[in-house]
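A short worksheet on the structure shown next.
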Amino acid sequence: MFKGFQQFIMRGNVMDLAVAVVIGAAFGAVVTAFVTNILNPLIAAIAGKPDFSAFSVTVNGGVIAYGLFLNALISFLLIGAGVYFFMVAPLNAWKARQARGQAPADPTTKKCPECLSEIPIAAKRCAFCTSSVGAATSA
């Protein structure tokens with residue numbers, strides 16, 4: 001039982017996920033500090049309020065603090081932008097650079113000439129319209 005648990009924990013994707021969670025939490029803390037200490041004072045200089053947390057509406061005695069939501073939304077958008085521009089976009093560019101010299105993979109599907117649906121390359125009959133496509137036909 002413990003050996004199976006050890007194999008599960010030591011599997012690469014579990015360790016990668018653990019590292020990603022730790023780095024994500026640290027990145028979230030950095031963005032929260034940026035919003036709190038840099039962005040909110042800039043908002044205060046422009047709008048006259050230190051941040052959006054003071055914005056609220058009272059409806060039938062209940063307070064709706066939509067300013068806290070705006071602060072969280074700004075943090076979320078900044079975290080998303082940071083992850084995209086500093087992690088996703090560079091990784092996609094690196095993968096594209098790596099794949100530049102490689103030949104494209106052989107196709108695994110072809111289009112049916114009758115209904116234009118995707119079918120396996122070795123199919124002799126379309127699974128959708130049942131027309132005969134032959135093994136030599138390709139798109």
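Scoring 33-44, 55-66 by mean Cβ neighbours within 10 Å over their residues and listing the highest first yields 33-44, 55-66.
Averaging 1/r over every pair of different alpha carbons in the chain and inverting the result gives a Kirkwood radius of 21.3 Å. Computed from backbone phi with θ = phi - 60° and the Karplus coefficients 6.51, -1.76 and 1.60, the 3J(HN,Hα) list for the stretch 84-90 is 5, 6, 9, 10, 5, 4, x Hz; x is used for glycine and proline.
Return the loop-located trypsin sites (Lys or Arg not before Pro) in the stretch 1-96 (DSSP other than H, G, I, E, B) with at most 12 other Cβ atoms within 10 Å of their own Cβ; answer none if there are none.
Those that pass, being in a loop and sparsely packed, are Arg11.
Between Ser131 and Lys3, what length comes free when the chain is fully extended (0.36 nm per residue of separation minus the Cα-Cα distance, one decimal in nm)?
Value of the extension gain: 40.8 nm.
Normalised by 2.2 N^0.38 Å, where N is the number of residues, the alpha-carbon radius of gyration of the stretch 26-72 equals 1.32. In this structure, the amide hydrogen of Lys110, modeled 1.01 Å from its nitrogen in the peptide plane, lies closer than 5 angstrom to those of Ile119, Ile121, counting only residues at least 5 positions away or on a different chain. For the chain, the share of accessible area belonging to carbon and sulfur comes to 69 percent (1.4 Å probe, ligands and nucleic acids excluded).
Karplus-derived 3J(HN,Hα) values for the stretch 2-9, using 6.51 cos²θ - 1.76 cosθ + 1.60 with θ = phi - 60°, are 6, 5, x, 5, 5, 5, 5, 5 Hz; glycine and proline are entered as x. Relative contact order, percent, of the stretch 1-101 when contacts are C-alpha pairs under 8 Å separated by at least 6 residues? For the stretch 1-101, the relative contact order is 17 percent.
Set the Förster distance to 22 Å, then compute FRET efficiency between Asn92 and Met15 from the Cβ-Cβ distance, nearest 0.05. The calculated FRET efficiency here is 0.40. Protein heavy-atom accessible surface, 1.4 Å probe, per residue over the chain: 77 Å². Here the Karplus curve 6.51 cos²θ - 1.76 cosθ + 1.60, taken at θ = phi - 60°, turns the phi angles of the stretch 108-113 into couplings of 10, 9, 9, 9, 6, x Hz, with x standing for Gly and Pro.
Model label sites at Ile121 and Phe69, defined 7 Å from Cα along the beta-carbon direction, differ in position by 5.2 nm.
The values are calculated or read from the model by the stated rules, or taken from the named source; none is laboratory data. No experiment lies behind these values; they were computed from the predicted model shown. Cβ atoms come from the backbone with ideal geometry, glycine included; neighbour counts cover every protein chain shown. Side chains included, ligands, DNA and RNA excluded: accessible areas come from the protein's heavy atoms. Shrake-Rupley method; radii C 1.70, N 1.55, O 1.52, S 1.80 Å.
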